[in-house]
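The values are calculated or read from the model by the stated rules, or taken from the named source; none is laboratory data. For clarity, every value in this text was computed on a predicted model and none was experimentally measured. In this analysis, Cβ positions are derived from the backbone assuming ideal geometry, glycine residues included, and neighbour counts consider all displayed protein chains.
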Amino acid sequence: MSHLRASMRWLGLCALLLVAACGKEAPAPPANGGPALWRVEGKALDGWLFGTIHVLPPNVAWRTAAIKQAMDEADRLVLESAEIQDQALTTAAFEKLGRSANLPPLEARLPAEERDDLQRLAQEGGTSTQMLSGYESWAAAMLLSSVAQQSLHVSGADGVEPALIAAFKDAGKPIDGLETVARQFGAFDGLPEPAQRHLLLQTVQEADGMQALYDRILKAWLKGDMAAIAREDQAGEQPDPAVEQAVLIDRNRDWVGAVGQLKGRPFIAVGAGHLTGPNNLITLLQAAGYRVTRLQ
């Protein structure tokens, strides 16, 4: 998600690194609800825009009649990055960008009063701050966020994207992306070190509250309640402006350019948080001349 409080806004990217987990039952979408879906029309495009959640508990029923119809009528699937299908490529990109030589110890990158919680979080994930010290601060934050997610009993394997990929592959339809995995990770890699350390600090501080936050977001997403998702963004400490700009705003603007290259009837699926708040993808598409209509 994006435009959400710190620990949740990186679930999407962290899901690429998260080991699948077993977990609790989750609610189905209400009969008159379902995750948010829009029609996008303009230029050479007549497709759909779907707000996803990248990690889910098992057995969440989210494919409503409207979503199924859109998937059936679409001529292709367009994800944030089609490369998420290649775990080896994704991991290699993360390791290449996320590691650097001669980095300071991870503990030294946080205030002294946060170091016990950092140690505990690392140990709960079966790793150590010594092992994580080889990673840049943004990458260490992602890995620690993945550790915190383990208690949620959610998995990228149960997320929306794998289900969409399987459905479109079965239908023999192509799968494209708005950007590369390297571009996704590069948005973090290019952050100044103070912003990266702020990201690391927020990840540690918000780990204990992740369950309650995730539960609220999942409930809102299943109902298509974008206002509730937006409200979660405004609660708690706000993100570093450099992170907001690089990870959300700049990528959304790049995606408008990528959408401009699309033709036909694509089913475009991006994290639901990219569709709320200032400079969200819907607003930017409308400003670029597209007609965007809420269907569900």
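For this structure, a couple of remarks:
- Taken over region 273-285, the criterion of being assigned to a helix (DSSP H, G or I) and modelled with pLDDT of 90 or more is satisfied by His274, Leu275, Leu281, Ile282, Thr283, Leu284, Leu285.
- Residues located in region 208-262, provided they are over 28 Å from Tyr290 (Cα atoms) and assigned to a loop (DSSP other than H, G, I, E, B): Asp208, Gly209, Ala235, Gly236, Glu237, Gln238, Pro239, Asp240
- Only one entry in Ser128, Ser137, Ser146 is under 21 Å from Gln205 (Cβ atoms), touching a Gly at 6+ places or on another chain (Cβ under 8 Å) and small (Gly, Ala, Ser), namely Ser146.
- Of everything listed in (1) assigned to a helix (DSSP H, G or I); (2) farther than 18 Å from His54 by Cβ; (3) in contact (Cβ under 8 Å) with a residue 60 or more places away in the chain, the single unmet condition for Pro194 is (3).
- Here the condition is being farther than 21 Å from Leu222 by Cα, out of contact with any His (no Cβ under 7 Å at 6 or more places or on another chain) and buried (at least 20 other Cβ atoms within 10 Å of the Cβ); of Leu79, Leu106, it holds for Leu106 alone.
- The requirement of being touching an Asp or Glu at 6+ places or on another chain (Cβ under 7 Å), surrounded by fewer than 19 Cβ atoms within 10 Å (Cβ to Cβ), closer than 18 Å to Val270 by Cβ and not β-branched (Val, Ile, Thr) is not satisfied by Arg63.
- Out of Ala288, Ala227, Ala242, Ala235, sole residue that is surrounded by fewer than 19 Cβ atoms within 10 Å (Cβ to Cβ), modelled with pLDDT of 95 or more and of a type in the set (Gly, Ala, Ser): Ala288
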